[in-house]
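Each reported figure results from applying straightforward, stated rules to the coordinates on display, with no laboratory input. Keep in mind the model is a prediction, meaning the values are calculated, not measured. Every residue, glycine as well, gets a Cβ built from its backbone with ideal geometry; the counts of neighbours run over all protein chains shown.
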Amino acid sequence: MVAVPCWSEQFSNAKLIEDVWKIGIRAKADEKQIVRREVLKHCILEILKSERGKEVKSNVMELKALAEHAVSEEGTSHKNTLEFLNSLAASAQKHPAGAIIDTFKIK
């Protein structure tokens, strides 16, 4: 991933991508706040052909595996989503339309 931050939180996101998670590289803008073609070319080649690029790919694959596990049936994301939906269904039971909503309860 090549991060090209322009405004707002994109600068902190780019810092996280490059310095913390190490899943990409930040393209630096010049004094006119323009990211030049040569800079982008360098960033792309860095990601595709360097040792740093291999590290980035390894980190991305690790995060991918963690995300896949989180959304699997044993994962926290899946469990939390079911818990949230079931709490909505339980809350709906307290209202007159609750009988209709009860048919959507997730098991």
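Work out the length of the dipole vector of the stretch 24-78 about its Cα centre, built from +1 on the beta-carbon of each Lys and Arg and -1 on the beta-carbon of each Asp and Glu, and round it to the nearest 20 debye.
For this selection, approximately 500 debye.
Where does the chain land at 222 nm, in deg cm²/dmol rounded to the nearest 500, when only DSSP H runs of n ≥ 4 count, each adding -39500 (n - 2.57), divided by all residues?
Calculated at 222 nm, the ellipticity per residue is -18000 deg cm²/dmol.
Past the 21 Å Cα-Cα mark, which pairs from 28/49; 15/54; 57/79; 22/57?
57/79
State to the nearest 20 debye the size of the charge dipole of the stretch 1-52 about its Cα centre, where the only charges are +1 on K and R beta carbons and -1 on D and E beta carbons.
Its charge dipole is roughly 160 debye.
How many nm is it between the label spots at residue 81 and residue 66, if each spot is 7 Å from the Cα in line with the beta carbon?
1.9
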